[in-house]
1. Placing unit charges on C-beta atoms (Lys and Arg positive, Asp and Glu negative, everything else neutral), compute the dipole magnitude of chain F about its Cα centre in debye, rounded to 20.
2. Considering Cα pairs under 8 angstrom that are at least six residues apart, work out the relative contact order of chain C and quote it in whole percent.
3. When chain F is modelled as a GNM with alpha-carbon springs shorter than 10 Å, which of F:29, F:18, F:119 fluctuates the most?
4. Could you tell me whether chain B comes out rounded, prolate or oblate from its Cα gyration tensor? Rule is a ≥ b ≥ c as square roots of the eigenvalues, rounded for a/c under 1.5, then prolate if a/b exceeds b/c, otherwise oblate.
5. Using a 10 Å cut-off around each Cβ, can you sort E:142, E:79 from fewest to most neighbouring Cβ atoms?
6. Between rounded, prolate and oblate, where does the protein assembly as shown land on the alpha carbon gyration tensor, with a ≥ b ≥ c its root eigenvalues, rounded for a/c under 1.5, else prolate if a/b exceeds b/c?
7. Angle between the Cα long axis of helix A:52-67 and the longest principal axis of chain A, 0 to 90 degrees, nearest 10?
8. Run through the other copies and list how far each one's label point is from that of residue D:144, in nm with one decimal, shortest first; the point sits 7 Å from Cα along Cα-Cβ.
Protein chains: 6
Amino acid sequence: MKKLSHLDARGHARMVNVDSKIPVLRRAVAAGELRCAPDTLRLLRTGKTPKGDVLAAARIAGIQAAKQTSALIPLCHPLPLESIQVELAPGRDRIRIQAEVRVHARTGVEMEALTAVSVAALTLYDMLKGVDRGMSIRDIRLLRKEKF
Amino acid sequence: MKKLSHLDARGHARMVNVDSKIPVLRRAVAAGELRCAPDTLRLLRTGKTPKGDVLAAARIAGIQAAKQTSALIPLCHPLPLESIQVELAPGRDRIRIQAEVRVHARTGVEMEALTAVSVAALTLYDMLKGVDRGMSIRDIRLLRKEKF
Amino acid sequence: MKKLSHLDARGHARMVNVDSKIPVLRRAVAAGELRCAPDTLRLLRTGKTPKGDVLAAARIAGIQAAKQTSALIPLCHPLPLESIQVELAPGRDRIRIQAEVRVHARTGVEMEALTAVSVAALTLYDMLKGVDRGMSIRDIRLLRKEKF
Amino acid sequence: MKKLSHLDARGHARMVNVDSKIPVLRRAVAAGELRCAPDTLRLLRTGKTPKGDVLAAARIAGIQAAKQTSALIPLCHPLPLESIQVELAPGRDRIRIQAEVRVHARTGVEMEALTAVSVAALTLYDMLKGVDRGMSIRDIRLLRKEKF
Amino acid sequence: MKKLSHLDARGHARMVNVDSKIPVLRRAVAAGELRCAPDTLRLLRTGKTPKGDVLAAARIAGIQAAKQTSALIPLCHPLPLESIQVELAPGRDRIRIQAEVRVHARTGVEMEALTAVSVAALTLYDMLKGVDRGMSIRDIRLLRKEKF
Amino acid sequence: MKKLSHLDARGHARMVNVDSKIPVLRRAVAAGELRCAPDTLRLLRTGKTPKGDVLAAARIAGIQAAKQTSALIPLCHPLPLESIQVELAPGRDRIRIQAEVRVHARTGVEMEALTAVSVAALTLYDMLKGVDRGMSIRDIRLLRKEKF
């Protein structure tokens, strides 16, 4: 029967012991999106407010958040991440967000990739909320998780 | 014409000046959900792994994240939050998450409520990912924002 | 009947709502001690290793920790502290630690004072552990808590 | 003659150079206790306030604090911890706390285990202080420290 | 005779007590510069690597650092900052950096403005160091400090 | 032609992928100075305010900042630093600051050494600003960077 590795036999939270695992190269890719009004994205593309700092701020916030994952998610292991990329693709009524994280470690980095996506989305929301009150963050999910 | 308050006239990011606003009581409520397999939630309800620490960990991570909002979201103002509540409602194929934040301040707390929901969802994801590889975080959005 | 204010009616953790309290000047004083071998303290007083940086490091770590209290203790309110003092008094077989914290706020600062004492004690322990393997941290407690 | 490794020849604080040590598996176990009134613990065991979130919050705060040790204790090395467990055992007039930390590293993890115990104790104190004004944190000490 | 307010009568560090000061609007402006080779700045202006994210990253890092000032500088008071602006002006052989911070508080914000400038400069250095090994950070200083 | 490794082909910020580099021992040394009035330094050397905690606070803040480098500088890799030393040399009209950092890692530690120098300088500035309004932080630069 399946069980939750983050709980011990009595149901108490613990940071899982990975000390007997071998460090190998691991990679995770996560995605998500900020849904917003077409007008909001039009504002980002044209006019006096160049999109530069909006997307740059979200990329940078996502990268910094990946590094803070173990401080945010109680049972995550702290890992010396070796690569973080956050990509943003504005469309007609949404901005797609994708993050990739790599590390040589005893445990995977899916939470780091998911955290990068979540905080990039929150940062976009924060910067656009003055002009769009109906946005939502959607479909944050893991796309790929690999060991090499 | 609408413009993005987080950018100056040249499109450069800035933390908006709120020094001429009057501090008043503000409240924001945000929601979202973690979608997962019914089997995952059944595991949480029954059997040897009591759900206690899973939901408690997510509540606590959400509360702590609300307090870190201004460190995570680059242009958010640091605020001495006066109340944070995170509620989790497990259903058949999802766990609904709601967060309420209150403060007397010169600016609102919607980002704090949204951050609490996002990190509570990520924490649930982390604790359940060992038994469910197809989860997603959905519909993170603002429900209410008020000044008193 | 007494109840725990940090839990709601269902026993769920929350950061207590203090938005209806009036901000007043509050002060808390906490104390504790690091028990160690007389030889360890003799080393601190005499010889080639001047005590300067040992005690200074502990004072500074205690002050910095007081400011991080709400990040460490999940249900503590973040507060813009107005005064922090950490005092260390080496004796024959112990170093006494006392911390005082002040703030105008809607809630008290006893956890900030207790956290300052705890982290100052841990820092002393860390700096002395190379020469003394039998130390312990004792009697961390609140001495005074006042509103003005 | 003994000397303090955290100070250089002039008594100045430094983070000790461990670059010539070999990384090996290291483990530390620390313990401590929160002393409180029997009534306080009775409240935790029975009645309307289920103990769930009180103990869960302390376990999680202890785990998270272990990961923040190098940010709290000035001369501690940052380490990618591989296992953290915090155990709480409520008795008649005290809650016993024990923490175990593991890592492959060039230096030990006793400060991480002691920090986990201290912050778990502070979190219990915070959650119970509304009903018990005479608590104290006692006997925080190292139980075991091993290299494999 | 002049004395250092951050030390008590025995020379011990303390966070100065400001609890008897009246909160008023305060503003500080600091400046500094990153000196680099003209070729480095030419690379930033032209060619395939648009300067967008380099300057945006530095602005955002400066803003975020201002909010972390009290965690970085041991005796600084934590303050709920109300405005932070970081401006970068690339010239022929340097990038000039200026930061302005505002808050209603019991103490000033010059350290916040100086910290924003310092971390913006470090971020520029980090992004340009691959192509320029002779850069330096210079003349970080306070330009203005006011109470209203 | 030279290019900035921290930007991808479209000029977007990323944390550079170092996963194919071999971890080796790396060392960096950086320096800088706080320029101040001779009277300020005389105050530090003589009289009732012993310099102990001023210099100790700056050393400790520099050490702690080196450990926070990857949280401050957006594209820096988090690294488990193995040695940090900060040295302060007060002269006639300046305090010289030097920092050395060591680690076995896939990438270098010059930003960690530069960050230690910057934050030590800011801490000195903070402690002396009450008696000297004309100070400046100067010539923060890399002295050496080596792989072994």
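1. Working: 26 positive and 15 negative charges, 63 e Å.
Charge dipole of chain F: 300 debye, to the nearest 20.
2. Values: 292 pairs, mean separation 59.0, N = 148.
Rounded, it is 40 percent for chain C.
3. F:18
4. Details: a/c = 2.76, a/b = 2.10, b/c = 1.31.
Verdict is prolate for chain B.
5. Numbers: E:142 21, E:79 24.
With the fewest neighbours first, E:142, E:79 line up as E:142, E:79.
6. rounded
7. The two axes meet at around 10 degrees.
8. Going from nearest to farthest copy, the values are 4.3, 4.3, 4.5, 5.2, 6.4 nm.
Rule-based calculations on the coordinates, nothing more; no lab input. All values reported here derive from a predicted model rather than from experimental measurement. We place every Cβ from the backbone using ideal geometry, glycine too, and count neighbours over all the protein chains shown.
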